[in-house]
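Please see the structure below; I have some questions.
The values are calculated or read from the model by the stated rules, or taken from the named source; none is laboratory data. Small disclaimer: the values here were computed from a predicted structure and weren't measured. Heads up, the Cβs are rebuilt from the backbone with ideal geometry, glycines too, and the neighbour counts pull from every protein chain shown. For the accessible areas, the whole protein counts, side chains as well, though only heavy atoms, and no ligand, DNA or RNA atoms are used. Shrake-Rupley method; radii C 1.70, N 1.55, O 1.52, S 1.80 Å.
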Amino acid sequence: MSVLSKLKETIVCLKAGRVTLPYPAQARPVPERFRGRPIFDAAKCTGCGGCANNCPAREILVFDVCQEVRVLQYLGRRCTYCGRCADVCPEKAVTMSHEFENATNAIGDIQQRIELFMSTCQRCGRCFKEPTTLDQLKMKGYRFDDVAHERWVFRSKAYLESEPVVDDIKIEWD
Amino acid sequence: MVARDKLNLLKDKFGPAILRADLPADDRLFVYIEPVVVRDVCRYMFGDMDARYIISIGADDRPFSGKFMVAHNFAFDPEKLLVSVLVHVPADNPKLDSISGVVPAANWAEREIRDMVGVEFEGHCYPKRLVLPDGWPDGVHPLRKDFAWNEVPKDFDDEREFKFDEPPAGCTVVPFGPFHPTLDEPAHFRLYVEGEMVRGCEYRGFMVHRGIEKLAESVLTYNDIPMMAERICGICGCVHNVAYAQAVESAAAIKPPPRAEYLRTVMLEIERLHSHLLWVGLACHIVGFDTLFMQSFRIREPIMWIAEKISGNRKTYGLCLIGGVRCDITPEMRTELRAVLDKLEAEWRPVVAAVLKDKNIQKRTRGIGVADKAACKRSGLIGPVARAAGVDIDCRRDHPYAVYDRVRFNVITDDGGDVWSRVVVRAKEVFEAIEIIRQCLDKMEPGPIQLDIKDELPIGRLGLSSVEAPRGESHHFVITGENNRPRRWRVRAPTYQNLQGVPAMIKDQQLADMTISLGSIDPCFSCTDRLETIDLKSGATKVWTQEELLKLVRAKKA
């Protein structure tokens, strides 16, 4: 009976009432775990580069300006807000914020740049910020991601342990 | 030991041509055979042994074995077995017998291997370029290992045009797509129309090919890929995420903790719920029944919210890593999820009751876009399309993964094979999904959700994984490799096979039924090859031809 079906469907609609929100005047609050734009906290960051190594979209670059200064740059363009950077950060320096209205004409609004002052490791000569997590990361040499062209540079896969400590400073390019 | 039985059958028949066989588990079989018998073996398996064709995979294995590799994957659904038939093809003369004559469903897969890896298939029924863009030079194959991930071939010819087939005599050509308001992705159907009747079509797709597989095997690492895999599809992302993780786990013999498996099942079923509700809504939208479209979406919304609460996002859950999952369900979420499911069930039941008796929808969808059992077998159709034709397959039951072997559910089938049956199947599967989630919530024990993997994954192992996406089986094939990334990762989404069944579905029916018979694929008119401009001041009109338009576009680009 099609008429009966139509009546039933009408009841479904009437029972529902109005469900839309007056967005953007009033937004629905986001849940606790919501993964919005990542925020990098320079005070907590130790410059280990774990977020950069684990970013699936290669959106985080690390550049050692000199022995003492390491720059960490978040590009924010093709970031998928997967939250891996926040997961792996040993210092909880990355938080997935609750910001989701991120459309902008100026990409600089979203990009972040952290400059870290690093000290020098007596053992390997690398720079670190205490307390170090470098031992766990085991990646050797400096990092020179292509900041000018905003590209990740694929680099050495050598590990610290299997290599002599002395000539550890040389940079390897793939 | 089903795998052993099947292997013995093959050995009896082909004996010395079988070079090696691996049986890593009861439900997996890898058979390495001589290239000369590939067509006979596939004919025997597809015909006499009644296997279901899944997909063919091509891989550049030259840096490791000095040869190319082609794998034809088959499934024995009642016996719960996945079989991969592997052939090594010499690097200096990469030619292999085509199986498209004996397994019609292999048509696309072989053309894709030809494009991407450069293995020629001799005797292919329709050897036309499939994946690569029109201007891509011949003889350059992007999935070969000596082709860099960011390489752009120098002699890319922007002006080389696609050559369409000649339409049959007496037919007019009507273009469908590539762009259309209800079409989520570009796909072009060139329909041959006689009066109002569609007599055939030519498909042209792969316009948004993103090269994810190449990225995965040259740039990303094992735990990066799940996040990329999720973005293969906008609706069934979690399926690819889980399927990839399971394929790697099956290759490396890793068993994720039980709680992780329960969580995977729950999230997959949440995804099925939202996807089915979305599809039923869209199907109604296409036939012009917007009331139900609105109601489906309203009923679906709480599912999106609870998914967001559990995983942090409405749709891209970012769920799996190798050996586990990233987010847990807290006791509060469990209570809330139950409440959402109860409400969903209470709201969906009257809708289904009303719709299943609605004559208007039935008149519009019954007998439309029919794919019968034979078509399913021929084109390798899967998922709700196959189940609506009475083919009783469902990867959740046939090739159990996660915890589907620990929950009870019914596989919904129907016998019409038409659009109406697909609506019925998908509308009813919603209730099964709800039941599965409830059972999971009951049975889930506290425990770790991520395995601590300390060793590097073994190299050169093969892994298969089939996951039942809302639209059908999603199949992933992985060869593990060096540098913490797979050597080869092949994704076969359900639509890859189902699209190949479309030409048969739309043949000899009204042009107006085209959109709904394509169902979720729904392309439409838009690609006209002419454009008329009117000068408002003078009122003069000018009709632009295709050639003039192309010239205009290219001039702007330069």
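If you scan the stretch B:84-117, which residues turn out to be open to solvent by less than 10 Å² (accessible area, probe 1.4 Å), assigned to a loop (DSSP other than H, G, I, E, B) and under 16 Å from B:G66 (Cα atoms)?
B:V117 - this is the single residue of the stretch B:84-117 that is open to solvent by less than 10 Å² (accessible area, probe 1.4 Å), assigned to a loop (DSSP other than H, G, I, E, B) and under 16 Å from B:G66 (Cα atoms).
What's the total number of residues in the stretch B:6-23 that are charged (D, E, K, R) and free of Cβ contacts under 8 Å to residues at least 60 places away in the same chain?
First, pick out the residues of the stretch B:6-23 that are charged (D, E, K, R): B:6, B:11-13, B:20, B:22.
Imposing the further condition that a residue be free of Cβ contacts under 8 Å to residues at least 60 places away in the same chain reduces the set to B:11-13, B:20.
Number satisfying all stated conditions: 4.
If I go through the stretch A:65-101 residue by residue, how many of them are open to solvent by less than 40 Å² (accessible area, probe 1.4 Å), away from every other protein chain (no Cβ under 14 Å) and of a type in the set (D, E, K, R)?
1
I'd like to verify a number: residues in the stretch B:389-410 that are in a loop (DSSP other than H, G, I, E, B) and open to solvent by 30 Å² or more (accessible area, probe 1.4 Å), how many?
Let us first name the residues in the stretch B:389-410 that are in a loop (DSSP other than H, G, I, E, B), namely B:389-394, B:399-410.
Adding the requirement that they be open to solvent by 30 Å² or more (accessible area, probe 1.4 Å) leaves B:391-392, B:400, B:405-406, B:408-410.
Number of matching residues: 8.
Tell me the residue from B:C284, B:C238 that is buried (at least 24 other Cβ atoms within 10 Å of the Cβ), over 19 Å from the mean Cα position of the chain (by Cα) and of a type in the set (A, V, I, L, M, F, W, C), please.
Details: B:C238 fails: over 19 Å from the mean Cα position of the chain (by Cα).
Going through B:C284, B:C238 in turn, just one is buried (at least 24 other Cβ atoms within 10 Å of the Cβ), over 19 Å from the mean Cα position of the chain (by Cα) and of a type in the set (A, V, I, L, M, F, W, C): B:C284.
I need the full set of residues from the stretch B:357-377 which are more than 8 Å from chain A (Cβ to nearest Cβ), in a helix (DSSP H, G or I), open to solvent by 60 Å² or more (accessible area, probe 1.4 Å) and touching a residue at least 24 places away in the same chain (Cβ under 8 Å), in order please.
Result: B:R364, B:K373, B:K377.
Do we find a residue being touching a strand residue (DSSP E or B) at 6+ places or on another chain (Cβ under 6 Å), farther than 30 Å from B:V355 by Cβ and away from chain B (no Cβ under 11 Å) anywhere in the stretch A:7-22?
First, the residues of the stretch A:7-22 that are touching a strand residue (DSSP E or B) at 6+ places or on another chain (Cβ under 6 Å): none.
Checking the stretch A:7-22: not a single residue is touching a strand residue (DSSP E or B) at 6+ places or on another chain (Cβ under 6 Å), farther than 30 Å from B:V355 by Cβ and away from chain B (no Cβ under 11 Å).
Something else about it: Take B:E213 and tell me if it is away from every other protein chain (no Cβ under 14 Å) and either under 16 Å from the mean Cα position of the chain (by Cα) or assigned to a strand (DSSP E or B) (or both). Break it down stepwise before answering.
Numbers: away from every other protein chain (no Cβ under 14 Å): yes; either under 16 Å from the mean Cα position of the chain (by Cα) or assigned to a strand (DSSP E or B) (or both): yes.
Yes, satisfied.
Okay, next question. Return the residue satisfying two criteria in turn: it lies in the stretch B:266-294 and is in contact (Cβ under 8 Å) with a residue 60 or more places away in the chain and touching a Cys at 6+ places or on another chain (Cβ under 9 Å), and of such residues it is nearest to the other protein chains (Cβ to nearest Cβ).
The qualifying residue nearest to the other protein chains (Cβ to nearest Cβ) is B:L292.
Another question about this same structure. Out of A:R35, A:R70, A:R77, I need the residue that is touching a Gly at 6+ places or on another chain (Cβ under 6 Å), modelled with pLDDT under 90 and more than 30 Å from B:K357 (Cβ to Cβ). Which one?
Values: A:R35 fails: modelled with pLDDT under 90; A:R77 fails: touching a Gly at 6+ places or on another chain (Cβ under 6 Å).
Going through A:R35, A:R70, A:R77 in turn, just one is touching a Gly at 6+ places or on another chain (Cβ under 6 Å), modelled with pLDDT under 90 and more than 30 Å from B:K357 (Cβ to Cβ): A:R70.
Could you please find all residues in the stretch B:295-316 being among the polar types (S, T, N, Q) and closer than 16 Å to A:F34 by Cα?
B:S311, B:N313, B:T316
Right, another one. Can you name the residue in the stretch B:411-459 that is assigned to a loop (DSSP other than H, G, I, E, B) and touching a strand residue (DSSP E or B) at 6+ places or on another chain (Cβ under 7 Å) and is also nearest to B:A346 (Cα to Cα) among such residues?
So in the stretch B:411-459, the residues assigned to a loop (DSSP other than H, G, I, E, B) come out as B:411-418, B:444-449, B:451-459.
Pick out the ones that are also touching a strand residue (DSSP E or B) at 6+ places or on another chain (Cβ under 7 Å) and you get B:449, B:451.
Details: B:I449: 32, B:L451: 38 Å.
Taking the candidates together, the pick is B:I449.
Something else: Which one of A:V12, A:V62, A:V30 is of a type outside the set (S, T, N, Q), touching a helix residue (DSSP H, G or I) at 6+ places or on another chain (Cβ under 9 Å) and either part of a helix (DSSP H, G or I) or surrounded by fewer than 10 Cβ atoms within 10 Å (Cβ to Cβ) (or both)?
Working: A:V62 fails: either part of a helix (DSSP H, G or I) or surrounded by fewer than 10 Cβ atoms within 10 Å (Cβ to Cβ) (or both); A:V30 fails: either part of a helix (DSSP H, G or I) or surrounded by fewer than 10 Cβ atoms within 10 Å (Cβ to Cβ) (or both).
Only one candidate passes the filter, namely A:V12.
Here is a follow-up. For the stretch B:413-430, give me the residue count where each residue is open to solvent by 30 Å² or more (accessible area, probe 1.4 Å) and not polar (S, T, N, Q).
So in the stretch B:413-430, the residues open to solvent by 30 Å² or more (accessible area, probe 1.4 Å) come out as B:413-416, B:428.
Keeping just the survivors that are not polar (S, T, N, Q) gives B:414-416, B:428.
Selection size over the stretch B:413-430: 4.
Yes or no, residue by residue, for (1) at pLDDT 85 or above; (2) within 19 Å of B:V385 (Cα to Cα); (3) not β-branched (V, I, T):
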position	(1), (2), (3)
B:G481	yes, no, yes
B:N484	yes, no, yes
B:N498	no, yes, yes
B:G501	no, yes, yes
B:D513	no, yes, yes
B:I516	no, yes, no
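Now for a separate question. Take the residues in the stretch B:39-73 that are touching a residue at least 40 places away in the same chain (Cβ under 8 Å), of a type in the set (A, V, I, L, M, F, W, C) and outside any strand (DSSP E or B), then tell me which one is most open to solvent (accessible area, probe 1.4 Å).
Out of the qualifying residues, it is B:F64.
Out of (1) modelled with pLDDT of 80 or more; (2) open to solvent by 20 Å² or more (accessible area, probe 1.4 Å), the odd one out for B:W489 is which?
(2)
Something else about it: With (1) within 14 Å of chain B (Cβ to nearest Cβ); (2) closer than 30 Å to B:K343 by Cα; (3) assigned to a loop (DSSP other than H, G, I, E, B) as the list, and A:A25 as the residue in question, which single condition is left unmet?
Condition not satisfied by A:A25: (1).
Scan the stretch B:301-321 for residues that are open to solvent by 20 Å² or more (accessible area, probe 1.4 Å) and either without any contact (Cβ under 8 Å) to a residue 60 or more places away in the chain or in a helix (DSSP H, G or I) (or both) and jot them down.
Result: B:E301, B:P302, B:W305, B:K309, B:N313, B:R314.
Residues checked against (1) open to solvent by 10 Å² or more (accessible area, probe 1.4 Å); (2) touching a His at 6+ places or on another chain (Cβ under 8 Å):
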| site | (1), (2) |
| --- | --- |
| B:P226 | no, no |
| B:A229 | no, yes |
| B:V242 | no, no |
| B:A247 | no, yes |
| B:A252 | yes, no |
| B:K255 | yes, no |
| B:A260 | no, no |
| B:V266 | no, no |
| B:E269 | no, no |
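With respect to B:F297, is the statement that it is open to solvent by 10 Å² or more (accessible area, probe 1.4 Å), without any contact (Cβ under 8 Å) to a residue 60 or more places away in the chain and among the hydrophobic types (A, V, I, L, M, F, W, C) true? Steps first, please.
Values: open to solvent by 10 Å² or more (accessible area, probe 1.4 Å): yes; without any contact (Cβ under 8 Å) to a residue 60 or more places away in the chain: yes; among the hydrophobic types (A, V, I, L, M, F, W, C): yes.
Taking the combined requirement at face value, the residue satisfies it.
Would you point out which residue out of B:A346, B:A354 is of a type in the set (A, V, I, L, M), within 10 Å of chain A (Cβ to nearest Cβ) and over 23 Å from B:G383 (Cα atoms)?
Values: B:A346 fails: within 10 Å of chain A (Cβ to nearest Cβ).
Among B:A346, B:A354, only B:A354 is of a type in the set (A, V, I, L, M), within 10 Å of chain A (Cβ to nearest Cβ) and over 23 Å from B:G383 (Cα atoms).
Oh, and also: If B:T335 meets every condition in (1) open to solvent by 30 Å² or more (accessible area, probe 1.4 Å); (2) at the interface with chain A (Cβ under 10 Å from one of its Cβ atoms); (3) hydroxyl-bearing (S, T, Y) apart from one, which number is that one?
Exception for B:T335: condition (2).
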